[in-house]
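Notes follow once the structure below has been shown.
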Amino acid sequence: MRIARSLICIAGTACALGLHAQTYPSRPLRLIVPFPPGGSSDSVARVVVQKLSEGLGQPVVIENRPGVGGLLGSETVAKAAPDGYTLLLGSVSSLAVAPHIFANPKIDPERDFAAIAPIMSSPLTVIARPALPVNSIADLVALARSKPGALNYGAAGLGTHVYLVAELFKKQAGFDAVHVPFQGGAPTMTALLAGNIDYKFDVVNTTLPQARAGKVKVLAVTSARRIALMPEVPTLAESGFPGLEATAWVGVVGAARLPAAIVSRLNSEIGKAVSSRSLSEVYAAQGAVPEVATAKEFAKMIGREYAHWGAVVREVGAKAD
């Protein structure tokens with residue numbers, strides 16, 4: 001009798017999820033951005049939500065929940081009902097880096113989320129405050145080696161991708177610099193512009209306006225090739241660090257056990273949004289690349305990135321203080 005009742009409950013749940021998927025979405029959605037407003041992840045979210053809202057026929061409301069390298073907001077989505085109404089703007093930081101750095105991350109990117117769709121990717125830049133007496137990566141390394149521990153760099157908090165890449169760069173270059181953590185990319189840039197930190201790694205879209213205004217020095221990009229928007233800026237490989245390539249990426253995930261029909265609908269609408277001419281032009285102007293893939297392809301990519309950056313964390317010995 002207990003077995004029969006259990007089977008009835010399971011069947012009822014499956015039927016409810018199937019019906020839900022057919023009528024989805026019937027109310028507004030929340031997109032949790034696990035970083036503060038004004039940063040690169042937040043700006044990406046705000047570019048895509050309007051198109052996504054139009055495609056779904058329901059508003060997609062951004063909710064910023066920063067903290068713990070993106071893990072705080074990620075945990076919110078991991079614990080949400082798998083109904084497609086609470087989604088996460090996942091990133092290389094929150095899904096592939098932070099879970100390795102913090103001792104008790106409370107999430108497993110491959111177990112607790114349903115991959116839905118990628119949105120975009122972007123190389124990083126290495127930028128310095130204008131008054132720092134350096135004009136190249138070689139200059140920065142020479143200065144840092146000559147004054148061990150005297151320079152400092154900013155990052156959007158422990159557990160973020162830019163923090164880990166900066167730590168890897170320090171290790172490969174053989175110098176010491178002090179890490180100054182912030183709560184997001186925007187306050188980190190503010191500190192650099194104010195001269196409170198010496199250098200940082202950043203995404204292209206937030207570097208560009210400051211570089212064009214002459215407020216920062218762009219020393220290198222982390223892509224395999226120079227980028228069209230800054231053709232004069234060498235790559236890290238050209239600057240003597242051929243093994244240090246890094247790409248930031250963001251995409252949308254939901255809670256595990258999200259019905260396949262909902263995943264398919266969201267994947268389709270996100271793909272249409274990022275492929276649209278208007279969004280493609282916005283991303284191109286920011287030095288970003290729109291990314292379109294199936295949910296399965298995106299899940300495999302998350303798995304590869306999780307494994308890769310886990311190895312880097314072990315190599316560098318990075319951990320939360």
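The values are calculated or read from the model by the stated rules, or taken from the named source; none is laboratory data. In this text, all values refer to a predicted model and were calculated from it rather than measured experimentally. Cβ atoms come from the backbone with ideal geometry, glycine included; neighbour counts cover every protein chain shown. Each accessible area value is taken on the protein alone, full model and side chains, heavy atoms only, with ligands, DNA and RNA left out. Shrake-Rupley method; radii C 1.70, N 1.55, O 1.52, S 1.80 Å.
Computed over the stretch 73-183, the P(r) tail beyond 19 angstrom holds 55 percent of alpha carbon pairs. Just the protein heavy atoms count here, and of the accessible area of the stretch 201-310 at 1.4 Å, carbon and sulfur take up 56 percent. How high is the FRET efficiency between GLU54 and ALA228 when r is their beta carbon distance and R₀ equals 30 Å, given to the nearest 0.05? It comes out at approximately 0.55.
For the stretch 129-190, the convex hull spanned by the alpha carbon atoms encloses 83 Å³ per residue. Using a Förster radius of 45 Å, what is the FRET efficiency between HIS179 and ARG27 based on their Cβ-Cβ separation? Nearest 0.05, please. Efficiency, from the Cβ-Cβ distance: 0.60. Solvent-accessible surface of the chain, taken per residue with a 1.4 Å probe and all protein chains present: 44 Å².
Once you order the gyration tensor axes a ≥ b ≥ c over the Cα atoms, which shape class does the stretch 243-287 get: rounded for a/c under 1.5, otherwise prolate or oblate by comparing a/b with b/c? Note, shape of the stretch 243-287 comes out oblate. The heavy atoms of MET189 present about 20 square angstrom of accessible area, all protein chains included, probe 1.4 Å. Using every pair of distinct Cα positions in the stretch 251-321, the Kirkwood expression returns a hydrodynamic radius of 14.5 angstrom. Note on LYS79 and LYS171: with the Förster distance fixed at 41 Å, the Cβ-Cβ geometry gives a FRET efficiency of about 0.70.
Contour minus end-to-end for ASN196 and ARG111, with contour as 0.36 nm per residue of separation and end-to-end as the Cα-Cα distance?
Result for the pair: 26.6 nm of gain on full extension.
Which of the three applies to the stretch 197-321, rounded, prolate or oblate, going by the alpha-carbon gyration tensor with a ≥ b ≥ c and a/c under 1.5 meaning rounded? Kindly include the intermediate steps, with their values, before the conclusion.
Values: a/c = 2.31, a/b = 1.35, b/c = 1.72.
Here the stretch 197-321 falls in the oblate category.
Computed from label points 7 Å out along Cα-Cβ, the spacing between GLU245 and SER268 is 3.5 nm.
Would you work out if the stretch 135-228 is rounded, prolate or oblate? Take a ≥ b ≥ c from the square roots of the eigenvalues of the alpha-carbon gyration tensor; rounded if a/c is under 1.5, else prolate when a/b is larger than b/c, oblate otherwise. Walk me through the intermediate numbers first.
Working: a/c = 1.36, a/b = 1.16, b/c = 1.17.
The shape class here is rounded.
Averaging sequence separations of C-alpha pairs under 8 Å and six or more residues apart, then dividing by the length of the chain, give the relative contact order as a whole percent.
Working: 642 pairs, mean separation 85.1, N = 321.
Here the relative contact order equals 27 percent.
Within the chain, the selection of entire DSSP H helices by a Cα span of 15 Å or greater along the long axis and an average Kyte-Doolittle value of at least 0.0 returns 2-23, 40-56, 161-173, 260-275.
How big is the dipole moment of the chain about its Cα centre under a simple scheme where the beta carbon of each Lys and Arg is +1, that of each Asp and Glu is -1, and everything else is neutral? Debye, nearest 20, please.
Numbers: 30 positive and 23 negative charges, 88 e Å.
Dipole about the Cα centre, nearest 20: 420 debye.
Could you check how much of the accessible area of the stretch 55-161 is carbon and sulfur, as a whole percent, using a 1.4 Å probe? Before the final figure, lay out the partial values.
Numbers: 1830 of 3520 Å².
Of the solvent-accessible surface of the stretch 55-161, carbon and sulfur hold 52 percent.
Within the chain, the longest segment free of exposed loop sites, counting GluC sites (Glu not before Pro) that fall outside DSSP classes H, G, I, E and B and have at most 15 other Cβ atoms within 10 Å, spans 111-231. Given only helices, namely DSSP H runs of n ≥ 4 each adding -39500 (n - 2.57), what is the per-residue ellipticity at 222 nm of the chain, to the nearest 500 deg cm²/dmol? Only helices count here, giving -13500 deg cm²/dmol. Let me know the whole percent of all Cα-Cα pairs from the chain that are separated by more than 35 Å. For the chain, the share of Cα pairs beyond 35 Å comes to 23 percent. Model label sites at LYS300 and LYS319, defined 7 Å from Cα along the beta-carbon direction, differ in position by 3.5 nm.
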